[in-house]
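In what follows, a structure is listed as structure tokens, so that the remarks can point back to it.
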Amino acid sequence: MALSDTKLRTILNKPYSGAPELTDGDGLSVRITQKGTIAFQFRYRWQNKPVRLTLGRYPALSLKDARIMTGELRLLYDKDINPKTHFTSSGSSELTLNYCLDYWMERYVSTLREKTAQLYKAIVYKSLYNQFNDISVQDISVRDWVKYFDEQEKLNPKKAKVIFVQLKSALNWCIGRQIIESCELMKISPKNIGTKTEVGDRVLTYKELAKIWLAIERSRASTPNKLLHQMLMLFGARNSELRTANVNEFDMNELIWTVPKEHSKMGNVIRRPIFEQVKQMVERLQDLFNDKMFPGTHLNEPMTISAANRYVRRLRSNLDMPEWSAHDFRRALSTRLSEEGIMPHVTEKMLGHELGGVMSIYNKHDWLEEQKKAYELYADKIFWHIKNSD
């Protein structure tokens, strides 16, 4: 069915859940985002490959003008002239950064794992949406980009680097799908923006672990928040694996904690033993709650990562010791147990890593008994230092 101004006006800038693309004729169509942003596109095939050219955004480009433009491009095509070559030189694209980010979020980010999608949304989408309103993304100059990232570096140089890398990836995705033809951001080297996040090398001592444990005990945080961080210390698990855990993941008959693949960073099922020193903590949480082990404001939802991070920041501010993070618990467990002679394949399973090489394909053994002994050894060491702390 042919497009009409009446139909486009009813869709424009309103919540939209219909077909993402509506056709008109002669290769002309419109792409529509969930927020009701409308862009005209001309579609054709060149050298047996599909090509999609974005002509402009409605209503800046009217339906009448889009049809005229499509007619001109169709004439070029019929003369064996690639319309893309003509279109690129005409500089007619008017798509904004907001449109590109919306399109990228809806067509690409929405297909990723939920945690990855939330990360993109929290960083690049939140940081850049509405930063360059009413200007084509292709018209944002290198100077404009540098000025923006200079301001971000003043706030947080590491975050500035992350924003830049993620944005470059998003716009490169748009270019690859011919949503836009080019972007001046691509001329900027990552080494000129922000500072690279350092790979952590902090290995906590048993004495430091004991000090953090006692600080958790003395804090006024909620029981789930306290137990979350104490269990992170003992298990060496990723924050997301434990924080989002459901009560039924902990089998108290078999004494096994099974992390489902949807809670695992690598998308693999992880099995860990419920060892003696952590057993009472698990039972206490199961008695308190019916669904989530570590609920947040709402009992049916897990504690947020921001709430967990805020708690760690409060703990850190009251402790006279070098900078540390909850993620350092993992490195401490692996390093200290290696010092005790625990084999690498066991500590790798404790950390929830997949084994490398041929072992990852053929060896599906979890070494649960060996894990249990290692966990108990590690917990005993920590509790000895807690008991004998100053």
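Miscellaneous remarks
- Of residues in the stretch 296-327 being part of a helix (DSSP H, G or I) and aliphatic (A, V, I, L, M), the one nearest to Trp213 (Cα to Cα): Leu315
- Unmet criterion (only one of (1) over 30 Å from Phe383 (Cα atoms); (2) part of a loop (DSSP other than H, G, I, E, B); (3) not basic (Lys, Arg)) for Ala221: (1)
- Condition check for Val269: in contact with a Ser or Thr (Cβ under 8 Å, 6 or more places away or on another chain) and assigned by TED's automatic domain parsing to the domain that holds Gly352: yes
Results for (1) surrounded by fewer than 21 Cβ atoms within 10 Å (Cβ to Cβ); (2) part of a helix (DSSP H, G or I); (3) of a type in the set (A, V, I, L, M), shown as yes or no for each residue.
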site: Ala170; (1), (2), (3): no, yes, yes
site: Lys191; (1), (2), (3): yes, yes, no
site: Asp201; (1), (2), (3): yes, no, no
site: Ile216; (1), (2), (3): yes, yes, yes
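- Where a residue in the stretch 111-131 is under 22 Å from Lys261 (Cβ atoms) and its partner, wherever it lies, is among the aliphatic types (A, V, I, L, M) and surrounded by 13 or more Cβ atoms within 10 Å (Cβ to Cβ), with Cβ under 6 Å and at least six apart: Ala117/Val109; Tyr120/Val109
- The helices (runs of 4 or more DSSP H) found wholly in the stretch 1-92 and carrying at least 3 residues that are closer than 22 Å to Val137 by Cα occupy 63-78, 83-90.
- Of everything in the stretch 262-310 that is aromatic (Phe, Trp, Tyr) and crowded, with 18+ Cβ neighbours inside 10 Å, the residue that is nearest to the chain's Cα centre (by Cα) is Phe294.
- Among residues of the stretch 320-346, those that are out of contact with any Phe, Trp or Tyr (no Cβ under 9 Å at 6 or more places or on another chain), among the hydrophobic types (A, V, I, L, M, F, W, C) and more than 19 Å from Leu228 (Cα to Cα), counted: 1
- Any chance Glu370 is modelled with pLDDT of 90 or more, surrounded by 18 or more Cβ atoms within 10 Å (Cβ to Cβ) and at negative phi: yes
- Taking the listed residues Thr258, Thr244, the one that is of a type in the set (Ser, Thr, Tyr) and over 16 Å from Arg113 (Cβ atoms) is Thr258, with no other qualifying.
- Test: Gln166 is of a type in the set (S, T, N, Q), at pLDDT below 90, surrounded by 14 or more Cβ atoms within 10 Å (Cβ to Cβ) and farther than 30 Å from Ala245 by Cα: no
- Residues in the stretch 252-264 that are under 17 Å from Leu228 (Cβ atoms) and in contact (Cβ under 8 Å) with a residue 40 or more places away in the chain: Val259 only.
- When Ala170 is tested against (1) assigned by TED's automatic domain parsing to the domain that holds Asn130; (2) more than 30 Å from Glu301 (Cβ to Cβ), only condition (2) is not met.
- Residues (loosely packed, with under 13 Cβ neighbours inside 10 Å and without any contact (Cβ under 8 Å) to a residue 24 or more places away in the chain) located in the stretch 1-16: Met1, Ala2, Thr6, Thr10, Lys14, Pro15
- The single residue among Lys115, Lys64, Lys79 that is modelled with pLDDT under 85, over 28 Å from the mean Cα position of the chain (by Cα), of a type in the set (Lys, Arg) and farther than 26 Å from Lys187 by Cα turns out to be Lys79.
The values are calculated or read from the model by the stated rules, or taken from the named source; none is laboratory data. All values reported here derive from a predicted model rather than from experimental measurement. A quick note on method: Cβ atoms are made from the backbone with ideal geometry, for glycine too, and the neighbour counts reach across all protein chains shown.
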